[in-house]
Structures are given as C-alpha cells and as structure tokens.
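The values are calculated or read from the model by the stated rules, or taken from the named source; none is laboratory data. Quick caveat: nothing in here was measured; it's all calculated off a predicted structure. Positions of Cβ are generated from backbone atoms using ideal geometry, with glycine treated the same way; all protein chains shown enter the neighbour counts. These area figures cover heavy atoms from the full protein model, side chains too; ligands, DNA and RNA do not enter into them. Shrake-Rupley method; radii C 1.70, N 1.55, O 1.52, S 1.80 Å.
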Amino acid sequence: MSSRKPGGPKGRRLGIHVVTWNVASAAPPLDLSDLLQLNNQNANLDIYIIGLQELNSGIISLLSDAAFNDSWSSFLMDTLSPLGFVKVSHVRMQGILLLVFAKYQHLPYLQILSTKSTPTGLFGYWGNKGGVNICLKLYGYYVSIINCHLPPHISNNYQRLEHFDRILEMQNFQGQDIPNILDHDLIIWFGDMNFRIEDFGLHFVRESIKNRCYSDLWEKDQLSIAKKHDPLLREFQEGRLFFPPTYKFDRNSSNYDTSEKKRKPAWTDRILWRLKRQPQAGPHTPGLPAPDFSLSQRSYGSYMTYTISDHKPVAGTFDLELKPLLSAPLIILMPEDLWTLENDLMVSYSSTSDFPRSPWDWIGLYKVGLRDIHDYVSYIWVGDNQVSFSDNLNQVYIDISNIPATEEEFLLCYYSNNLHSVAGISRPFQVRDVGKAPAQPGEDLARLREREAGKSGRGGGTQDWAPFGPRPQPGPASGSGGAA
C-alpha cells in the first residue's frame, strides 16, 4: 500500500460511507438499511459521514432541536449505535446538518479540531443556503468535510460557483494551529449543489434517462462544464454519474415532476473529494514511493426507493488507505479484569509525556452502545478522585453505588478538557454482582474474582476519541456523577 520502514506503523484501510440527501422537511423514513449499507455484509465500514439539507427549520422545530436532538440525528444514532458507531461530531445551520459517526475502536485516533457554518443566503447573512464544515484529524492527517446547499434554478450557475468559492474561502482557521484548508490531506465536499443540465429540452432529457443514456447528458451538466474551466474546481474528483438524475420527483413516488412547472431532471446532489497535491514523478525523481494517504471510490449512486422528498439520496462508499501518523493513544485506561457492585471501581491509567493535563479532565462510565459522549452512566473528575500517583501511572476510583445490577457491558472514556476530546477509551468489561456468582466451598473473594475473570475473558485495554462537547455538570461533593 505504501512504503514504510521496518518496524514502523502498519498501513490501515478505512471504509467510509458518505450520504447526501435533501429531505425537504420530511421526517426520517422507517428504514434506512439500504442507504446505510446495513444489509451489505461486505461493506466493512468504519466511518459514516451524513449530510442533510432542508431539515425542518421552522421556529418551533429549531427551538426543540436546540434543547434536544433533532429527529434525524436521534434516528441515525439509534440505528448506528448498536453496531458500534458513536456520533463523533455534528454541526447545523438552519436546515443544513452534517453528522460524523465512527466505530469506537478508531476514537483514540480521531480528534475534532473545528466546526464552522458559512451562510450565503440573503446577502450572505441567511443560513438557508451555504455550507457547514467539520475539520478533524484522523490518525494524524487533516480532513475537512463540507456539506452545502447552493442556489437553485438553471440560470443561477454563476451564483452557484461564486458561493462555492465563498464557502471555501471562509474555511480559515486563524488563531488555531490548523493549516489552510487547501493544505489538508483530504477534503470531502458534498450536498445539494443544484447544478442543472443545460440546453437539452425536457423531452430529450427524460428519454435519455428512460433509455439510460446518461452519457448524452454529461456534456451539458453544469458542474462537469465548470470543472473543465475552473483550475481549483478541477482538483475535486467525482465518480461517474451512472445513475438517474436525483431531482425533481413527485413526493411519495419515483416519477419525475408532473406539476405544472415540469422541472427538468438534474444531478443536483453530488459528492466530490480532493486529495492534497502529491509530488509528481519526473526525469530527476523517478520511482517516487506510493503515497501514505490515498482514497479510492468503491461505489457512487442514488437510492430510488426512498420517496419522502422531491430529491433522491445519493451515497458514495470509499476506501481510505493510510500509514498512521498517530499510532498510540494519549491515555491508556486499565480497568480491573472484574469489577463488583460491592466495591468502588478502581481505574489505573497512564499518559504520554506530552499529554496536556487539566484539573477539569474527567472519566466517564458508559454502557457499550453509547450514542455520543453525553451518554455516560456516571463520571468522576480525575483530580478530585485520584488516590495514587507515580511518574506515569495514576489511579482513580468511581463510585458505582447508583448503578443497578446488569449483564450489560461497560467501557470508560477519558475526556481531555484542553483537547476537547476523548483521549482514551477502555475495552468493554462487566460490572458483576458477586452474589450472582456464589463462591465454591472454601473459595475466597480473590479466587472468585479470578474465576469470573477467566469466564469473561476480558482484560484491560486502550483507545480514545475526539469530539467537541461541554463537560458534564459537576456532580456531588465527592466529584462523582450520578446515573444518567
């Protein structure tokens, strides 16, 4: 995959699924299995990137969503969390929503650096149009993700291109130790871009779609034309459009617009990506090594069976191959092999020498299947509950008196206040009620713990993750949080 020195970090391949959908204020459908590739046993996905446009953004809806998760976010978390995916970050601007989910084993190597909204509607102040961005580091590489909604109508092509440039220009990170977006290793840009098909009439376009002669329409696709003339836009890649145009449909059907307007079908919903420029091989630099960071597209298509909107959703699946620049977590959490409800939970952890400690760091206790960082069952402030300290080994305890007996598994996350991220995550473990596993004659508690640990087969572990998010409210005087 990529050249590397013996003993260096091994290359990794991550499966990434990107979805864009203008949902036209509709609520989520009952089932998104096809769109999310949940029935594809060979999908091997590690990250979901989901961008929606035209969420219900009425005043009542916005006020409700400010206090609680919106219906789409809740539905997606409920769907993906049982599969081991955690919502890492999100950003919303009126009806434009961007969500990132990752499997929790990758969380130690994923840090959210910035979220940003760029309105371009109504003289650049209204957020019904524009873009939202999440900037993150993935295994040490800079990745920017942009979900946009550009101006509609066939005559507004120049305005679309102008808004595209404006969104890109506004992705600056002044005062932060983050490079210019064009120096990021990967940009994934998608959304309802609203580009249309020029010149051809309605009848010709519909007949071409009916006969699956999509290539006849490519040459008049406004985005394809713009890429031929705009040097920067040309650097963004896109898969071939081997699927029907995704706009405009009668709702609750797969029929193109039958209203009086009879809008001409178009590929309005697109997924683009741009890799950082690589050195080019030449006569004086033959045989350059394979890049340490590359992206290839497995599939790109629309999902015509979903009918809640006048747009069809579009998804692209990618393989990201990289040689990790970050190969070890900043915090290693080492819970005991067996915890029982009769005692406080003792946690040992170690950190790298350059880890930026804070008195506001905290450790959360979670049930396996957590939706996001706010789903803790209990938590403790690290500084308040520290019971021992050495050069590189710390111990803290967690009061679990409020945790009911359960057969479910738990895990721990260490949240860094300075990094605004989870810096360490443990492997799953169980909290046992000793009374449910009676000792054999002559067996003391220590041997019981050994016996139960042998049954569970669980040991300590490490990992971490990185979303922005407010820390929990301070708990009781002891520093321990109550059950959520």
Please tell me the relative contact order of the range 124-182 in percent, rounded to the nearest whole number, where contacts are Cα pairs under 8 Å and at least six residues apart.
26
Expressed as a percent, the accessible surface of the range 331-432 that is carbon or sulfur, using a 1.4 Å probe and the full set of protein chains, is 47
Residue by residue, what Karplus-based ³J(HN,Hα) values in Hz, rounded to whole numbers, does the range 407-413 have, using 6.51, -1.76 and 1.60 with θ = phi - 60° and x for Gly and Pro?
8, 6, 8, 10, 8, 10, 10
What residues have an amide H closer than 5 Å to that of Ala266, excluding those fewer than 5 places away on the same chain, when H is modeled at 1.01 Å from N in the peptide plane?
Thr246, Tyr247, Lys248
Return a whole-number percent for the relative contact order of the range 331-432, with Cα pairs under 8 Å and 6 or more residues apart as the contact set.
36
Spin-label point model (7 Å from Cα, Cβ direction): what's the Leu275 to Leu122 distance in nm?
4.3
J(HN,Hα) series, the range 264-273, from Karplus relation 6.51 cos²θ - 1.76 cosθ + 1.60, nearest Hz, glycine and proline x
6, x, 7, 8, 7, 9, 9, 10, 10, 8
In whole Hz, what ³J(HN,Hα) sequence does the range 310-327 give by Karplus (6.51, -1.76, 1.60; θ = phi - 60°), x for Gly and Pro?
7, 10, 9, x, 10, 9, x, 10, 10, 10, 9, 9, 8, 9, x, 8, 10, 10
For Asp192, distant residues with modelled amide H under 5 Å away
Cys148, Leu150
Amide H to amide H under 5 Å from Ser421: which residues, 5+ apart in sequence or cross-chain, H placed 1.01 Å off N in plane?
Ser416
Roughly how many Å² is the accessible area per residue of the range 331-432, as a whole number, for a 1.4 Å probe?
40
